[in-house]
Structure formats: structure tokens, C-alpha cells
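Take a look at the structure below.
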Amino acid sequence: MRCPFCTHLEDKVVDSREAKDGDSIRRRRECLECGRRFTSYERIDEIPYMVIKKDGRRETFDRNKIMAGLLRACEKRPISALQLEALVDSVEKHVQESSDREVPTNELGKIIMTPLKALDKVAYVRFASVYLEFEDVSEFMNELKDLVRARDRSIKSKKAKVKKQK
């Protein structure tokens, strides 16, 4: 911190406390060169995380919007609020750990769909039907066929393991 009186760069903090507004810290400093005291305020610089929509618009990241979309997809499904909260937490963590402050919605969709598919296939299809914006019924049916094939492979794999154990 540069002294406002002599421009010396070294000082010591004499007193530190939360400012009246609660959003900053007030520090009373003493210059080590001229001995004069001055006050500084420290505030966290919050740059919001942005989401780039499909049409190019940008809006601030809102975990509540993700939760609302998941709640719609998981309506009347056996998925607990804790599971949904964990999924939203993982999406938010990904956004916060990203080196870029802007994340495209298609990337967020992929981050959501992978664990949702493992959690509940019906919820996954509901979410995918909105997120992937199927153009027609055949695209929707192809996605369903992929799910059925994956389920069938899983069942065959489990049966093979049971046979080996016998």
C-alpha cells in the first residue's frame, strides 16, 4: 500500500475491522517512512460468472435456474433433493473452477446430462428433450433407442457375471 503522504510502499497495519456496510474491511495503517497514519478499505472484487446462451446472449450464472430445470425433469421420479443438490453443486463447482468466466449453455447441459443419465433414465430423457431441442420425433426415438441398447448391454453384462460366479 502506497502512503498517500510520502508515497513510501511500506506500512504496518495498526487496526483492522469490518466496515459499517459489512462488505469491506477497514484497515488503519501507519507509514514506516513518515509515521503518518491513513485508512484503507478492502473489498472482494466479485466478477460474476456468465453463461452464454444459444442465441449469443450472456447472463449471470444462476444455480436456481439449473435446480428449477432439474426439478421439472425429475418430477414424480424417485430422486431425492440431496441428489439434485449434489448435481447442482457439481455444476456450480465446474463453473467456478473454469479458467474462463463465461461458460456456454451447451457445456453446462453436458455436465448435467451425464450424471442425470446415471441417476434416472426418465429424468434424463425429459431433460434431454428440452436441452437437445429435438427437431422431430425420430431424433427423440434415436435417443431412446440408445438408452435401451445401453440398458440391454448392462443386463447382458450382469447375467454373464452371474454365470461366471456359478
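Each value in this text was obtained by applying a stated rule to the coordinates, not by laboratory testing. This is a predicted model, so every value here is computed, not measured. Every residue, glycine as well, gets a Cβ built from its backbone with ideal geometry; the counts of neighbours run over all protein chains shown.
Listing for the model above:
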{"item": "Nearest-0.05 FRET efficiency for Y49 and V162, computed from C-beta distance (R0 45 Å)", "result": "0.45"}
{"item": "Pairs beyond 25 Å (Cα-Cα), from K110/K159; K54/K145; K76/K156; K117/K159; K93/K161", "result": "K110/K159; K54/K145; K76/K156; K93/K161"}
{"item": "Restricting region 53-142 to GluC sites (Glu not before Pro) in coil, as DSSP defines it, with at most 14 other Cβ within 10 Å", "result": "E75, E133, E135"}
{"item": "Charge tally in the Cβ shell below 13 Å around C74, where Lys, Arg are +1 and Asp, Glu are -1, C74 excluded", "result": "+3"}
{"item": "Net length gained if the chain between F38 and R149 were fully extended (0.36 nm per residue, minus Cα distance)", "result": "32.9 nm"}
{"item": "Gaussian network model of the chain, springs between alpha carbon atoms under 10 Å - residue of Y49, Y41, Y124 with greatest fluctuation", "result": "Y41"}
{"item": "GNM result for the chain, Cα springs below 10 Å: residue of L71, L32, L132 fluctuating most strongly", "result": "L32"}
{"item": "Among R63, R77, R37, residue whose mean-square fluctuation peaks in a GNM of the chain (springs only between Cα atoms under 10 Å)", "result": "R37"}
{"item": "Over region 3-106, relative contact order from alpha-carbon pairs under 8 Å, at least 6 apart, %", "result": "20 percent"}
{"item": "Debye intensity ratio I(q)/I(0), log10, region 50-139, q values 0.14, 0.24 Å⁻¹ (C-alpha model)", "result": "-0.49, -1.29"}
{"item": "Residue-count net charge about V103 - beta-carbon cut-off 15 Å; Lys, Arg +1, Asp, Glu -1", "result": "+2"}
